[in-house]
Amino acid sequence: MTQTTEADGPLAGIRVLEVAMYGFVPSAGAVLADWGADVIKVEHAVTGDPQRGLRRVGQFVVENDPNPNVEHANRGKRSIGVDMSTPEGRAVIHELARGADVFLTSFLPQARTKFGIDVDDIRAVNPSIVYARGSALGPRGVESDRGGYDMTAFWCRGGIAATITAPGVEGMIQPPGPAFGDTISGTNLAGGIAAALLKRERTGKPSVVDVSLLGSGLWSLGHTVALSAHGKKPMIAPKPGAHGAPTNPLSGLYSTADGRYLSFVMLQPAKFWADVCRHIERPELAEDPRFADAASIAEHTAEAVEILRAEIGRRTLAEWTERLATLSGPWAPVQDSEQVLSDPQIRANEYLRQAGELELVANPVQFDVTAPDLRPAPGFAEQTDEVLLELGLSWDRIVELKVAGAVS
């Protein structure tokens with residue numbers, strides 16, 4: 001099925017030419033498409049984006065299409081198959097760039113030079129284009145031409161893995177799922193592109209936008225890195241099962257009767273203690289001198305934790321969800337990637353949206369209190385003919401390019 005290019009949103013009318021693979025940079029294109037841009041995804045004329053072949057992730061095996069591994073980062077785009085190693089293929093890319101507002105790529109410096117898609121090459125045909133690059137380790141330094149994935153650059157080198165792995169745990173805590181750092185970094189890149197488009201609108205000057213997995217990993221850990229720089233020591237993760245805050249019983253995890261967990265994060269325990277006592281049906285604890293003020297609560301945290309663990313362990317998560325609905329302090333159920341699907345607050349805000357046959361997470365930005373309409377990802381090279389016709393090529397010329405293997 002051919003997708004239309006019509007879309008609503010703040011980037012309607014903006015065309016993005018995406019020459020990228022896997023999860024990071026394509027997820028930036030997905031966000032731009034969610035915001036209304038016409039994103040043309042360039043894939044290798046024969047093999048396509050290698051992400052299309054990703055069918056096994058952990059315990060998940062995807063047998064048929066649609067493939068969630070492709071859909072998340074490629075929804076709402078159009079796909080064209082091009083062999084950039086041929087002169088004819090490069091000519092097609094340059095002609096597409098001529099009419100684009102943004103050139104978006106994940107290719108490394110050597111590959112950009114080889115295929116004629118580096119900044120100078122693209123600016124030669126379109127001096128006003130915003131040129132956006134996603135990399136593993138940034139555009140400068142001796143390792144700027146090295147590749148990488150979110151596991152290496154974002155998760156491990158950026159400090160996250162070591163910071164969340166408690167002492168005594170063998171190895172390291174793994175990311176919670178595929179493309180975790182990719183998606184965060186891609187959203188950062190989409191935001192940078194939007195800012196560059198605004199700058200061009202106001203000044204007429206285009207920008208080169210760079211976002212790396214390494215920089216995004218550091219940014220995600222920014223508060224912690226600032227503390228380490230100030231205190232000259234690393235953040236040490238607590239041992240698994242330990243209560244969260246050593247001087248605050250209202251900041252930590254509590255197990256329910258059905259094996260689920262509640263997360264309390266009430267950073268002013270004296271303010272919320274009495275309300276918590278009422279909600280757990282232990283109002284007398286509000287008058288207990290051990291918990292009279294913040295200092296007393298801090299001193300007797302272990303005793304308060306023991307009481308709360310016993311009381312919260314008497315009821316199920318469903319019971320606590322109903323009982324704590326009026327609690328003034330912040331709390332949340334601990335949910336896995338399937339449980340979030342039935343969260344009424346997530347549904348109320350339409351953070352999950354239908355995109356063809358699949359339900360996908362919408363990007364977290366909403367405009368005018370409206371969730372974006374998601375469209376499915378294109379099939380491989382599904383819009384090649386459509387896009388080339390828009391360029392003004394005749395059917396005969398398109399057939400010639402296909403016979404030559406320049407496009408598919």
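Ligands, DNA and RNA are left out, and with a 1.4 angstrom probe the accessible area of the chain is 51 Å² per residue.
Overall, the chain carries a charge dipole of about 1160 debye about its Cα centre when +1 sits on the Cβ of Lys and Arg and -1 on the Cβ of Asp and Glu, all other atoms neutral.
If each residue of separation counts as 0.36 nm, what is the full-extension length gain between LYS199 and LEU358 once their alpha-carbon separation is subtracted?
Working: separation 159, 0.36 × 159 = 57.24 nm, distance 3.60 nm.
Working it through step by step, the gained length comes to 53.6 nm.
In terms of the mean number of neighbouring beta-carbon atoms within 10 Å, the peptides 138-146, 81-89 order highest first as 81-89, 138-146. Protection proxy ranking for 326-338, 18-30, 53-65, 97-109, using the average of other Cβ atoms within 10 Å per residue and placing the highest first: 18-30, 97-109, 326-338, 53-65. Accessible area of ASP396 (1.4 Å probe, protein heavy atoms only, ligands and nucleic acids ignored): about 110 Å².
Of the residues LEU250, ALA295, ALA274, the one whose Cα sits farthest toward the positive end of the charge dipole of the stretch 238-317, with +1 on the Cβ of Lys and Arg and -1 on the Cβ of Asp and Glu, is LEU250. Pairs from the list LYS114/LYS402; LYS77/LYS114; LYS233/LYS271 with a Cα-Cα gap above 29 Å: LYS233/LYS271. Excluding same-chain neighbours fewer than eight residues apart, no lysines are reachable from LYS199 by a Cα-Cα span under 16 Å.
To put it simply, the accessible area of the chain at a 1.4 Å probe is 56 percent carbon and sulfur. Only Cα sites of the stretch 310-408 enter the Debye sum here, all with the same form factor; the resulting log10 I(q)/I(0) across q = 0.18 1/Å is -0.97, listed in q order.
Report the extension gain between ARG309 and ALA348 in nm, rounded to one decimal, defined as 0.36 nm multiplied by the number of residues separating them, less their alpha carbon distance. Let's see the in-between values first.
Numbers: separation 39, 0.36 × 39 = 14.04 nm, distance 3.11 nm.
Contour length minus the Cα-Cα distance gives 10.9 nm.
When the Kirkwood hydrodynamic radius is evaluated over all pairs of different C-alpha atoms of the stretch 213-355, what value in angstrom, to one decimal, is obtained?
Final number for the Kirkwood radius of the stretch 213-355 is 17.3 Å.
Just so you know, the Rg over Rh for the stretch 1-80 is 0.99, from Cα atoms, with Rh as the Kirkwood radius. Which angle from 0 to 90°, rounded to the nearest 10, does the C-alpha axis of helix 87-98 make with the longest principal axis of the chain? Once rounded, one gets 60 degrees.
Just to verify a number: FRET efficiency for LEU341 and THR321, C-beta to C-beta distance, R0 = 25 Å, to 0.05?
Working: r = 16 Å, r/R0 = 0.64.
Here the calculated transfer efficiency is 0.95.
The Cα center of the stretch 178-209 and the Cα center of the stretch 128-147 differ in position by 13 Å. When only alpha carbons are used to place a centre, the stretch 329-386 and the stretch 8-33 end up 16 Å from one another. With the Kirkwood sum run over all distinct C-alpha pairs, the stretch 274-358 has a hydrodynamic radius of 15.4 Å. Normalised by 2.2 N^0.38 Å, with N the number of residues, the alpha-carbon radius of gyration of the stretch 101-142 equals 1.15.
Once backbone amide H atoms are built at 1.01 Å from N, VAL209 has TYR131, ALA132, ARG133 as its partners under 5 Å, excluding neighbours fewer than 5 places away on the same chain.
Working note: Karplus 6.51/-1.76/1.60 with θ = phi - 60° gives the stretch 285-291 the couplings 5, 5, 9, 5, x, 5, 10 Hz, where Gly and Pro are set to x.
Take the convex hull of the alpha carbons in the stretch 68-164; its mean projected area over all directions comes to 8.2 nm².
The values are calculated or read from the model by the stated rules, or taken from the named source; none is laboratory data. Nothing here was measured: the structure is a model prediction, and the numbers come from that model. Heads up, the Cβs are rebuilt from the backbone with ideal geometry, glycines too, and the neighbour counts pull from every protein chain shown. Surface accessibility is based on the protein's heavy atoms, side chains included, excluding ligands, DNA and RNA. Shrake-Rupley method; radii C 1.70, N 1.55, O 1.52, S 1.80 Å.
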